[in-house]
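*Asks:* Quick one: the structure is below, questions incoming.
Laboratory data are not the source of any read-out in this text; all were calculated from the coordinates shown. Only a predicted model underlies this, so the values are computations on that prediction, with no experimental measurement involved. Cβ atoms come from the backbone with ideal geometry, glycine included; neighbour counts cover every protein chain shown.
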Amino acid sequence: MVQSQPSLDSAFAALADPTRRGILERLGHGSASVTELAEPFEMSLTGLKKHVRVLEDAELVSTEKVGRTRRCRLGPRHLEDARGWIETYQYMLDARLDRFGELLEQRKGESK
């Protein structure tokens, strides 16, 4: 049975949306205001704020009120949980492929 890991679940849920992935890509180049983030998506500020909130809840983005502007930047987790999970499964897949390659070589040697 697969156990739920809340931080990992929220990270993947946040990454499931292309708009949120676009926000993270943009913030990878530096902090931005909510208004600046909304421009390329042709989205209302209210709509974009909802996406930012999902990213904040997953700790992928942090925001700070500066005067009348809300600035966003990459959050404290920077996808470590998701990357670690993916790397674990990549390692297991690589090990299986290595064993499969060994089996093919063994069979190839037996057929000679």
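*Asks:* Using unit Cβ charges (K, R positive; D, E negative) and no other charged atoms, how large, in debye to the nearest 20, is the dipole of the chain about its Cα centre?
*Replies:* It works out to roughly 320 debye.
*Asks:* Return the ratio Rg/(2.2 N^0.38 Å) for the chain, where Rg is computed over Cα atoms only.
*Replies:* Against the compact-globule rule of thumb, the ratio is 1.57.
*Asks:* Please report the relative contact order for the chain, taking Cα pairs under 8 Å with a sequence separation of at least 6, and give it as a percent rounded to a whole number.
*Replies:* About 25 percent, as a whole number.
*Asks:* In what sequence, highest mean first, do 56-63, 8-15, 90-97 appear when ranked by Cβ atoms within 10 angstrom? Walk me through the numbers on the way to the answer.
*Replies:* Working: 56-63: 19.6, 8-15: 17.1, 90-97: 10.0.
By packing density, highest mean first, the sequence is 56-63, 8-15, 90-97.
*Asks:* Put a dot 7 Å past each Cα toward the Cβ at Ala95 and Asp17; how far apart are the dots in nm?
*Replies:* In this crude label model, Asp17 to Ala95 measures out at 3.7 nm.
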